[in-house]
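Okay, so here's the structure we're looking at.
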Amino acid sequence: MKTAQEVRVGNVVMIDKQPMVVIKTEFSKSGRNSSVCKMKLKGLLTESSTETVFRADDKLETVMLDKKDATYSYFADPLYVFMDADYNQYEVEKENMIDALNYLEDGMAVEVVFYNEKAISVDLPTSVVREIVYTEPAVKGDTSGKVLKPAKIATGFEVAVPLFVETGDKIEIDTRTGEYRSRANK
C-alpha cells in the first residue's frame, strides 16, 4: 500500500478491482484545502482511461507485474507469439500491442509483461535501430531552423528525420516518444 502522493508514473494500482497504470500524476496543495493528487490512469486489461483526484493521504494498493525476457517469433492472427530462452511461448493480443507494432521485427528482444500469470503486453527497448525504406530527397535552400521531413521504416511507421537522412540510412529511434535520435553507424 502506498499513499497517493507516493505513487509515481508507471506504477500499477488497483482501482475498483481493476489494475490501472498511472500515466500522469500531479500533486497540488492549496492553503485552505487538504493536498490532493490528480492522476490520469489507463486500464491495464481494458485500455480505458480515466482521470481521478485522490487526497494525498489516501492509500492505494499497488500491483507488481512480472516481466520475462523473450524474442518475437510470429503473428498468429490475432495473437503475437513470443518465445523465451527455455522455448516457452507467450501470446499477447493484438490490441495490447499498439505502440510496439511500429517497431516489431522477427527475432526482436522484448520484455513480456505478466499479470496473474497471463501475458498482457510487451516492453520494448528504449531505442531501436531501423532502416529508412523511403524518404523524399532534401530540397536545397531549406536549411533555416530545425527542418524535418517524414521517413518511412519497414513496418510502415513514419518518423520525422533531419534533411540529411536518405533512403537506406539506418537511424536510432526512441520507442517511448517515436522520435528520431541519431543516424546509426553503417
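Among (1) closer than 22 Å to Asn96 by Cβ; (2) in contact (Cβ under 8 Å) with a residue 40 or more places away in the chain; (3) in a strand (DSSP E or B), where does Phe54 come up short? Phe54 satisfies every listed condition except (1).
Could you look through the stretch 129-183, keep only residues that are small (Gly, Ala, Ser) and farther than 22 Å from Ile98 by Cβ, and pick out the one that is modelled with the lowest pLDDT? Among those that are small (Gly, Ala, Ser) and farther than 22 Å from Ile98 by Cβ, it is Ser144. Taking the criterion of being part of a loop (DSSP other than H, G, I, E, B) and under 18 Å from the mean Cα position of the chain (by Cα), the residues of the stretch 1-33 that qualify are Arg8, Val9, Gly10, Asn11.
Here Met20 clears all of (1) touching a Gly at 6+ places or on another chain (Cβ under 7 Å); (2) modelled with pLDDT of 90 or more except the condition numbered (2). Candidates Ile120, Ile132: the one that is in contact with a Gly (Cβ under 7 Å, 6 or more places away or on another chain), open to solvent by less than 70 Å² (accessible area, probe 1.4 Å) and on the phi < 0 side of the Ramachandran plot is Ile132. Yes or no: Val128 without any contact (Cβ under 8 Å) to a residue 40 or more places away in the chain and over 23 Å from Gly43 (Cβ atoms)? So Val128 fails the test.
Any idea which residue in the stretch 160-186 is most open to solvent (accessible area, probe 1.4 Å), counting only those that are touching a helix residue (DSSP H, G or I) at 6+ places or on another chain (Cβ under 9 Å) and on the phi < 0 side of the Ramachandran plot? So, considering only residues that are touching a helix residue (DSSP H, G or I) at 6+ places or on another chain (Cβ under 9 Å) and on the phi < 0 side of the Ramachandran plot, the one most open to solvent (accessible area, probe 1.4 Å) is Thr175.
The values are calculated or read from the model by the stated rules, or taken from the named source; none is laboratory data. Source: prediction; values computed, not measured. We place every Cβ from the backbone using ideal geometry, glycine too, and count neighbours over all the protein chains shown. For the accessible areas, the whole protein counts, side chains as well, though only heavy atoms, and no ligand, DNA or RNA atoms are used. Shrake-Rupley method; radii C 1.70, N 1.55, O 1.52, S 1.80 Å.
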